[in-house]
């Protein structure tokens with residue numbers, strides 16, 4: 001049933017004679033709790049006659065300093081020159097400071113060796129002069145493994161095969177040129193050696209063609225040229241890489 005607290009849409013068309021609350025069932029009685037079973041008066045318990053006071057068994061607490069209280073300084077470290085440790089004398093501000101005691105200084109011998117030169121005066125010509133040149137660095141020792149690794153073991157192997165195997169020397173020579181182009185030391189000199197050797201073998205091949213040599217003669221001339229160039233190029237690359245390693249040069253990234 002709508003009441004006056006509802007909205008106007010629930011209002012009746014005709015005014016009722018009176019307003020009454022709708023009937024509702026009675027609420028059930030609350031369930032009993034443990035407190036309801038408690039006695040009306042709190043029982044009192046008296047301690048036994050032979051009991052010990054709890055305050056008597058508490059251990060004594062150590063004395064704690066009050067952090068808000070200032071420290072009591074008897075002798076300061078910098079003002080205790082007149083008082084020896086433990087003699088009970090204390091210095092006060094109205095007393096003079098302690099007398100300085102002589103310190104026994106051991107006589108050291110005069111310095112030996114070449115005296116250090118003084119620095120040049122600012123503004124003088126020597127002030128703006130460049131520093132003296134440093135001593136030349138001794139060349140580093142280069143091992144066989146480091147040298148072969150710098151030349152690349154694969155490239156050196158192909159050049160060696162080209163020296164000793166005449167029938168396939170041109171093939172080994174060309175593969176050696178391609179492999180040696182990956183050497184990371186003194187790349188300008190390496191490229192110059194590889195370029196000159198490649199130009200020489202091409203020139204020999206062209207001269208044989210112009211001279212009208214047959215295929216066997218042409219290949220034989222190119223093979224001998226590849227054998228000779230394989231030895232020369234390998235020796236040149238070894239010398240270049242050895243000098244670079246001896247001067248402690250860093251490899252150039254590819």
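Values quoted throughout were computed directly from the atomic coordinates according to the rules given, and no laboratory measurement underlies them. Remember, it's a predicted structure, so these values are computed and weren't measured experimentally. A quick note on method: Cβ atoms are made from the backbone with ideal geometry, for glycine too, and the neighbour counts reach across all protein chains shown.
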At a Förster distance of 25 Å, what's the computed FRET efficiency of residue 129 paired with residue 249, Cβ-Cβ distance as r, to 0.05?
0.25
If R₀ is 41 angstrom, what is the calculated FRET efficiency for the pair residue 28 and residue 5, using the beta carbon separation as r and rounding to 0.05?
0.95
What is the spin-label model distance, in nm, from residue 160 to residue 148 if the labels are put 7 Å beyond Cα along the C-beta direction?
0.6
Need the full-extension length gain, residue 92 to residue 238, defined as separation in residues times 0.36 nm minus the C-alpha distance. One decimal, nm.
43.9 nm
Just want to confirm a number: the relative contact order over the stretch 144-246, from Cα pairs under 8 angstrom separated by 6+ residues, in percent.
40
Please give the FRET efficiency for residue 181 paired with residue 112, using the beta carbon to beta carbon distance and R0 = 41 Å, rounded to the nearest 0.05.
0.10
Apply the a/c threshold of 1.5 to the C-alpha gyration tensor of the stretch 175-250 and tell me whether it is rounded, prolate or oblate.
prolate
Quick one: if you stick a label point 7 Å off each Cα along the C-beta vector at residue 38 and residue 71, how many nm between them?
5.5
Once you sort the root eigenvalues of the Cα gyration tensor of the stretch 115-254 as a ≥ b ≥ c, which label holds: rounded (a/c under 1.5), prolate (a/b larger than b/c) or oblate (the other case)?
prolate
If a/c stays under 1.5 just call it rounded; otherwise compare a/b with b/c (prolate if a/b is bigger, oblate if not). Do that for the stretch 146-207, with a ≥ b ≥ c from the square roots of the Cα gyration tensor eigenvalues.
oblate
